[in-house]
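The values are calculated or read from the model by the stated rules, or taken from the named source; none is laboratory data. On a predicted model such as this, the values are computed, not experimentally measured, just so you know. All Cβ positions, even for glycine, are placed from backbone atoms using ideal geometry, and neighbour counts span all protein chains on display. Surface areas here come from the heavy atoms of the whole protein model, side chains and all, with no ligands, DNA or RNA. Shrake-Rupley method; radii C 1.70, N 1.55, O 1.52, S 1.80 Å.
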Amino acid sequence: MPIIAPSVLAADFGNLQRDIEMLNQSEAEWIHLDVMDGVFVPNISYGMPVIKTIDGLTDKVLDTHLMIVQPERYVKEFKEAGADILTVHYEACSHLHRTVQAIKDEGMKAGVALNPHTPIELLEDIIRDIDLLLIMSVNPGFGGQKFIRNTYEKLVRASELIDRKNAEVLIEIDGGVGLGNAEQLTQLGADVLVAGNSVFSAHNPLEIISELKNS
Ligand code: DX5
Ligand code: ZN
């Protein structure tokens, strides 16, 4: 069964506490937090104060996805805000190995995210050092976009790389995930499914989370 990570980007920020309490009642194990800086991606979302607030409202794993340039500048701050997993973009790090070590030194799990155009093979020499591989299945920056079908192929190649290297890495799929593709993604080796709009725009989010979980 996949781990479900609902993305707060699609939540109602006027009722954030209510939405987090809903997630607390759900079968989702993780909460996905998208941090955007308006530079790495053409959108700005939220940062440490919001994450700190959410941390105070839940015991779920805070899965923090940084879509910011030079993320190494803020590793400590995200730890202090409550992040359990810190994922940085391959495309945003000149010294990815150093950044991954800094995340682990702070006691967090380290993730690396790939944009849709970035090949899996570039992770050959870092895959054994990371805990999570986030494959973007839309271009980062916005929720509610259409799933890019090439992701299926990338997922297969990611599984192969992880097996070949004997690495212990969870594969997370982020963007355009819903009931229409969850089962196929799980079958192809996805361990974690991020779901924003498919959960929060649903009439019954708890039911959708449960269906995604059982996909
Ligand atoms: C996009 C973010 C995603 C987003 C997913 O840049 O990384 O996590 O919230 O939203 P949906 O599931 O609506 O595509
Ligand atoms: Zn994300």
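In the condition set (1) out of contact with any Pro (no Cβ under 7 Å at 6 or more places or on another chain); (2) farther than 27 Å from Ser201 by Cα; (3) open to solvent by 10 Å² or more (accessible area, probe 1.4 Å); (4) touching a residue at least 24 places away in the same chain (Cβ under 8 Å), Gln17 is compliant with all but (2). So, Met108, is that one away from ligand 1 (no atom under 12 Å from the Cβ) and either under 22 Å from Tyr46 (Cα atoms) or polar (S, T, N, Q) (or both) or not? Answer is yes for this residue.
Yes or no, residue by residue, for (1) at positive phi; (2) within 16 Å of ligand 1 (Cβ to nearest atom); (3) open to solvent by 30 Å² or more (accessible area, probe 1.4 Å):
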| residue | (1), (2), (3) |
| --- | --- |
| Ser7 | no, yes, no |
| Asp12 | no, yes, yes |
| Gly38 | yes, yes, yes |
| Lys52 | no, no, yes |
| Gly56 | no, no, yes |
| Val61 | no, yes, yes |
| Leu66 | no, yes, no |
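Just for region 166-201: of the residues that are within 20 Å of Leu33 (Cβ to Cβ) and of a type in the set (Gly, Ala, Ser), which one is farthest from ligand 2 (Cβ to nearest atom)? Here the answer is Ser201.
Of the residues in region 42-50, not one is within 15 Å of ligand 2 (Cβ to nearest atom), of a type in the set (A, V, I, L, M) and crowded, with 21+ Cβ neighbours inside 10 Å.
The sole residue among Leu114, Leu96, Leu123 that is crowded, with 19+ Cβ neighbours inside 10 Å, away from ligand 2 (no atom under 16 Å from the Cβ) and under 18 Å from Asn150 (Cβ atoms) is Leu123. Within the set Ile135, Ile103, the sole residue that is open to solvent by less than 20 Å² (accessible area, probe 1.4 Å), more than 16 Å from ligand 2 (Cβ to nearest atom) and either more than 18 Å from Asp63 (Cβ to Cβ) or not in a loop (DSSP other than H, G, I, E, B) (or both) turns out to be Ile103.
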